[in-house]
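The values are calculated or read from the model by the stated rules, or taken from the named source; none is laboratory data. Computed from a predicted model, the values in this text were never measured in an experiment. Every residue, glycine as well, gets a Cβ built from its backbone with ideal geometry; the counts of neighbours run over all protein chains shown. Side chains are part of the model used for accessible areas, which takes the heavy atoms of the whole protein and leaves out ligands, DNA and RNA. Shrake-Rupley method; radii C 1.70, N 1.55, O 1.52, S 1.80 Å.
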Amino acid sequence: MSPVLAGVLQLIALTAALALAYRPLGDYMAAVYSSPKHLRIEKVIYRCIGANADTQMRWPAYLRGVLAFSVVGVLFLYLLQRVQGSMPLSLGFASISPDQAFNTAASFVANTNWQSYSGEQAMGHVVQTAGLAVQNFVSAATGMAVAIALVRGFARSRTGDLGNFWADLVRGTVRVLVPIAVIGAIILVACGAIQNLSGIHGVGQFMGGSQQTNGGAVASQEVIKELGTNGGGYFNANSAHPFENPNAFTNLFEIFLILVIPFALTRTFGKLVGNVKQGYAILATMGIIWLGFTALMMWTEFAHGGPALQAAGAAMEGKETRFGVGSSAIFSVATTLTSTGAVDSFHSSFTAFGGGIQLLGMMLGEIAPGGVGSGLYGMLVMAIIAVFLAGLMVGRTPEYLGKKIGTREIKLAACYILITPTLVLGFTAASMVLPDALGSMLNTKALGAGSHGFSEVLYAFTSGANNNGSAFGGLNANTPWYNTTIGLAMLLGRFLPMVFVLALAGSLAEQKPIPETAGTLRTEKPLFAGLLVGTILIITGLTYFPALALGPLAEGLS
């Protein structure tokens, strides 16, 4: 079987698996977030945290809950790293330095999982399990809660109530993420992923000698790393490490975990607003972009010229021979079009245009299908922009799902889409004029000259501000400058958009529904899906094209 055919068959199998899970999972999540009843374990959690889960919150209260919970998460994870050296099961590792502890705490709470350290050489079992793995669950549940709050803004009328953040957080964790993660972890262990709390030990090599390695609760962390679109690996090699990703089946299974909840949330959206066709329109938009990017990535990597690459059958540098080019391309697109950031190959070793596709996927806002929760609310904001543009073209007041898109709504949507470009381009520009920042580009000449060096920095801040977490190799990001600025980009890129999303949800929930007329734009039709795709690509292209031209495009055309 040719590598191209193998890649296509894997893509078909993945699409079929996602299609099978779409309806039952989407309906289940709609039932979870609309149920008036609480489970017994949920009531215990509410008493422990002192929350009244039956109280309805307006958007400022909902936002305060999100921010308060996240601040506590950052502080707890920061302190846990700072005292690691004195804790049991630390494997002899020292406490983490202040700037790196801040960067890591911000990273995992912001659902980014950017890692400027080697996991197996820095973090002990307690930090990995009680710190990082816990944040993998609750940061994903926070994103889902914000998405559900925005959906309620469309579904409710003449009230500013958006539900209860604490109830949404706990339900998302207890009823959705934990059950799937348990099943997924069992599958990974059965396929060869490790799950233990062993210490560091030597492993013999075929060619003689030995190397040091350590065990860990890898399977349980690996599954939520993908399911929650987190991405931070137990080991530095991430999903290219055989302890995390043993074989071709687990590789495809992990891609499935990355995509299944973000895609299924479109069904949840349709059920909660009372029109599943609206969910299908959002799903179609996400699917078109995802399949288009995947096809383009596979073509770029298989067709790259040069005698060495042709002899290998494709651009094999930096790719796992266990998986090959096709599977690596599928994984790469899945992880950069969502906020996952996990890797089963080194992104910087992809072709120049392949690296550009990875960058563009993140620059879209990671909305196809995007992160758990963040992909849905990002796509709905883009839908509001598309409806507004359509209204300008026909001279009609725009409306979406029976809600009028007025001045307040469009300002909030515009602020949402301007945040990440400001962070990405601003921090990248600053890094390109500071000698210390330029000196972190290890694989370039004097002061980081070169288009690939620029791409490394652009990728770092694009990944951080869009809460992705993957990176181009060759950039030493473990410096005070990058630890601090990328940490700020992750926090601001995560929580500032949530401010505008929740304010938008509150504004929509206060409105009364507008009845459909003959002039109402049918947003469940293929025409609107095409308009939405075009809006996303045009806005992103106009914003980032100059930066892409200086980086991957210049490198690919040189």
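Points worth noting:
- The length gained by stretching the chain between Trp299 and Thr422 to full extension, at 0.36 nm per residue less their Cα-Cα distance, is 41.1 nm.
- Using Cβ point charges alone (K and R +1, D and E -1), the dipole size of the chain about the Cα centre works out to roughly 1820 debye.
- In a fully extended conformation the segment linking Thr55 and Leu557 would gain 174.9 nm over its present Cα-Cα distance, using 0.36 nm per residue.
- Among 255-262, 166-173, the peptide with the highest mean count of other Cβ atoms within 10 Å heads the list, and the full ranking is 255-262, 166-173.
- Angstrom value of the Kirkwood radius, inverse mean 1/r, which spans all Cα pairs in region 226-293: 13.7 Å
- Each principal axis of the Cα atoms in region 378-520 has its own extent, and those three values, largest first, are 63, 27, 21 angstrom.
- Centre separation in Å (Cα based) which lies between region 68-130 and region 460-484: 17 Å
- Vicinal HN-Hα couplings computed from phi for region 413-426 (Karplus, 6.51 cos²θ - 1.76 cosθ + 1.60; Hz; Gly/Pro x): 5, 5, 4, 4, 6, 8, 5, 5, x, 5, 5, 4, 6, x
- Unit charges on C-beta of K, R, D, E only; dipole of region 397-545, Debye: 240 debye
- The phi torsions of region 216-233, fed into the Karplus equation with coefficients 6.51, -1.76 and 1.60 and a -60° offset, translate into couplings of x, 7, 6, 4, 5, 7, 5, 5, 6, 4, 8, 4, x, 6, 8, x, x, x Hz, rounded to whole numbers, with Gly and Pro shown as x.
- Counting only heavy atoms of the protein chains and using a 1.4 Å probe, His241 has close to 40 Å² of accessible surface.
- In terms of overall dimensions, the C-alpha atoms belonging to region 461-502 reach 38, 18, 9 Å along their principal axes, ordered largest to smallest.
- Per-pair calculated FRET efficiency, R0 = 56 Å: Glu516 and Cys48 via Cβ, rounded to 0.05: 0.75
- Near Lys403, the amide H atoms lying under 5 Å from its own belong to Ile514; only residues 5 or more places off or on other chains count, and H is placed 1.01 Å from N.
- Most to least packed among 114-123, 70-79 [average Cβ atoms within 10 Å]: 114-123, 70-79
- The length gained by stretching the chain between Leu67 and Gln211 to full extension, at 0.36 nm per residue less their Cα-Cα distance, is 47.5 nm.
- Spin-label pair Ile183-Leu537: with each label point 7 Å from Cα along the Cα-Cβ axis, the two points sit 3.6 nm from one another.
- Residue-averaged [θ]222 nm for the chain, counting only DSSP H segments that reach four residues, each worth -39500 (n - 2.57): -20500 deg cm²/dmol
- Over the C-alpha atoms of region 463-558, the Rg to Rh ratio, Rh being the Kirkwood estimate, stands at 1.12.
- Each label was represented as a point 7 Å from its Cα along the Cα-to-Cβ direction; for Asn196 and Ala13 these points are 2.9 nm apart.
- With the convex hull of the Cα atoms taken as the outline of the chain, the averaged projected area works out to 25.5 nm².
- Filter on Lys43/Lys512; Lys43/Lys271; Lys225/Lys319 - keep pairs with C-alpha separation over 29 Å: Lys43/Lys512
- Listed residues Val71, Ser34, Gly131: farthest to the positive end of the dipole of the chain (Cβ charges): Ser34
- Computed log10 I(q)/I(0) for region 314-435 at 0.11, 0.14 Å⁻¹: -0.53, -0.76, from the Debye equation with unit scatterers placed on every C-alpha and solvent omitted.
- 5 angstrom amide H check on Leu91, placed H, neighbours 5+ away: His125
- Magnitude of the charge dipole, region 477-558, Cβ model with Lys/Arg +1 and Asp/Glu -1, debye to 20: 100 debye
- Carbon/sulfur fraction of accessible area - region 143-266, other protein chains in place, 1.4 Å, %: 65 percent
- Accessible area of Arg396 in the full protein assembly, 1.4 Å probe (Å², nearest 10): 90 Å²
- In the context of the full set of protein chains, region 85-165 has a per residue accessible area of 25 Å² (1.4 Å probe).
- When the alpha carbon gyration tensor of region 1-82 is reduced to an equivalent ellipsoid, its three semi-axes come out at 39, 23, 13 angstrom, largest first.
- Probe 1.4 Å, all protein chains present, accessible-area order of Thr142, Thr479, largest first: Thr479, Thr142
- Calculated FRET efficiency for the pair Ser34/Phe249, C-beta based, R₀ 41 Å, to 0.05: 0.70
- Each peptide in 378-388, 22-32 receives the mean, over its residues, of other Cβ atoms within 10 Å, and ordering these scores from highest gives 378-388, 22-32.
- At R0 = 35 Å, FRET efficiency that the Cβ-Cβ distance of Val433 and Ser118 yields, to 0.05: 0.75
- Average 1/r across all pairs of distinct alpha carbons in region 1-157, invert it, and you get the Kirkwood radius: 18.9 Å.
- Vicinal HN-Hα couplings computed from phi for region 246-258 (Karplus, 6.51 cos²θ - 1.76 cosθ + 1.60; Hz; Gly/Pro x): x, 8, 5, 5, 5, 4, 5, 5, 5, 4, 4, 4, 4
- Computed from label points 7 Å out along Cα-Cβ, the spacing between Leu291 and Arg408 is 4.0 nm.
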